[in-house]
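Data block below; observations after.
Since every read-out is calculated from the coordinates, none of them should be taken as a lab result. Keep in mind that this is a model prediction, so the values were computed, not measured. Cβ placement follows ideal geometry from the backbone for every residue including glycine, while neighbour counts extend to all protein chains displayed.
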Amino acid sequence: METKKHAEKTNPIDQFGTAPQFAPPLTATSYTGTLLKERYLIEGELGRGGIGVVYLARDTKLHQRRVVIKVLLDTDESSLHTPWLKKKFEQEVEALVRIDHPGVVGVLDVGEMPDGKPFFVMQFVEGVTLRAVMERDLPSGKLDFARLAHIVRQIGLALTAAHEKGIIHRDLKPENVMVQITTEGEETIKLIDFGIASVRNSSTPTGDLGKTKVAGALPYMAPEQLRGEPEPASDTWALAVMVYEMLSGGRLPFDGETMVKLHEQQRTGPAMTLTNLRPDLPADAAQLIARTLSFAPADRPVRARDFGEALAESLLAAVPRAIPTANPGTLSAVPSAPTLLDHTDKIQFAPETTISPETISTATGAPHAASSVNATTTLPAVPRRSPWPLIALAALVIASLIAAVIWMTRPDPAVTTNQPVVNETPSRTLSYSLSVRLKKNAGGAPVEMPGEVIFSPGDELRFKLISPQDGFLYVIGEGPQPDAETGLPLYNLLFPKAQTVTAEIKANQMFYLPNETGAGLFVDKEQGAEKIWLVWSSNSVAELDSLKRWYNDKDKGAINDKADTEKVRDYLRGNLAAKPVAEKDAKQMTLKGGLSDVLIYPIELAHY
């Protein structure tokens, strides 16, 4: 971002819009017991996602067949999010109709709820999510090669079928892959939840409302997807991440907690190679997975199908042929009856209707609870021994532990019991969002989003902040690289930026940086990750108030004094020990500080 060397921008910009990056939270509307189109009887809610609410229903005109009904979430008609959500909902139906592949859940019908909200009817997928399979099987070992080959080949075929129809899933993850067992005992997969899919040449385009494409599950998002430029290779990347996870026993190749940190890790490559985590993995398979996790999309396999086929061939070649193996398509640990989404023993749905954990699974993409089953291998009999010696020993150990706990937790007579109770409620709260106008969309409306984003030179940014408290706000920019001579950070005071400007902000006052009119902050050509430090204090901060003298038309707030730079560095880092908790929702990031009277938080902004 142009901080030390802000170029003066005089061109006015349009009012920043609010096309959503993430969907707003759902409200509690229930349609249980509703009969739709005189045939679909809703029995209960199965799950909720970014676009809609999913219900289990029965088709009363077709032998009580179970179906899944997805209803557009409750929306505020006055919100600018609503048109985007409606378009994406329509696009999900279009995507599923276009693909028409056995590896993708199918659409059966569409309609409107009694209150006018749109819905569509999907196949009911009787099975468990791939995540449920992983949670059950990976802790006790890694998926065997034959089984993984069978799963990956199917996912690759389904993804390529979608890509050939102009559909990019954008949210491929284990939760969105259903695994079901055929009557022959073979595992088959179905891709679900195309709610944020990118649909080329859609009959219901989102127009300016869909300018942002930064969406998906963070650990599975490819580098170009983090930059808002998804392509078919992005789905193949996500598949490679899932493969890495399944081969390594549940470890992810990249685990950055923010977009910026994840993007940096992706550029340098996985910290641990698969051959170190899985020594028995064939070398050509490891190389193929590494190539599919290449930072540049052009370096990956052309099609997801090609990746799946080549990996399956390599894995199957490593399966010992002399030893009888299980059917590659057999999910030995899957219960004969699939499990419910919840961990409760029984969930109440429609009046006089209950659905037990042995009854259903769903196409919602929500995690499933995994049930244990008996092993199929017969073990040699072991002579039984008397349990009484062990019981006596266990009783002795437990008694000893209880005595130790009582001794350690006894009241200390030297300590008074009339100590004041400390209020653990965070003392400072600050919410912010970021409005972005991409350079490649210079004539379009800006997009409002929470959190940290990957930018390109020329993108224009504006911060929006609000707090339920009175306080004093200081915003300081820190450049991606330190000063070449001193090694100290390069700081800019972005607010307050003049002796005549106060840092005081009133409670519930919407604050814009820069202000609502005029140009925003522009991303410059210097590559790297810079920080925007937010300091939200209940009192004025003398160390930072004195910096206002550095703001002038020439330097734009650049702090050019070594002593002042060291003072800022020491203040920021010295007060960061109790880092605030960051909570993201659809519209903003909310920071909740520690027990002191000041909240300090660095926002990381990367640009390449």
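Below is a table of values for the structure above.
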{"quantity": "Under Karplus coefficients 6.51, -1.76 and 1.60, residue-wise ³J(HN,Hα) of region 93-102 in Hz, glycine/proline x", "calculated": "4, 4, 4, 5, 5, 4, 5, 6, 10, x"}
{"quantity": "DSSP-assigned coil residues among GluC sites (Glu not before Pro) in region 136-190, each with at most 12 further Cβ atoms within 10 Å", "calculated": "Glu184"}
{"quantity": "Filter on Lys117/Lys592; Lys86/Lys173; Lys173/Lys261; Lys165/Lys584; Lys87/Lys531; Lys87/Lys506 - keep pairs with C-alpha separation over 31 Å", "calculated": "Lys117/Lys592; Lys165/Lys584; Lys87/Lys531; Lys87/Lys506"}
{"quantity": "Note, ³J(HN,Hα) from phi for region 152-163, Karplus 6.51, -1.76, 1.60, rounded to Hz, x at Gly and Pro", "calculated": "5, 4, 5, 5, x, 5, 5, 5, 5, 4, 5, 4"}
{"quantity": "Total formal charge among the other residues, if their Cβ is under 13 angstrom from that of Glu90, Lys/Arg +1 and Asp/Glu -1", "calculated": "+3"}
{"quantity": "Cut-off under 5 Å, modelled amide H: who pairs with Gln469 long-range", "calculated": "Asn508"}
{"quantity": "Within region 216-257, GluC sites (Glu not before Pro) in DSSP loop having at most 13 other beta-carbon neighbours inside 10 Å", "calculated": "Glu257"}
{"quantity": "J(HN,Hα) series, region 219-235, from Karplus relation 6.51 cos²θ - 1.76 cosθ + 1.60, nearest Hz, glycine and proline x", "calculated": "x, 10, 8, 6, x, 5, 6, 5, 8, x, 10, x, 8, x, 4, 5, 5"}
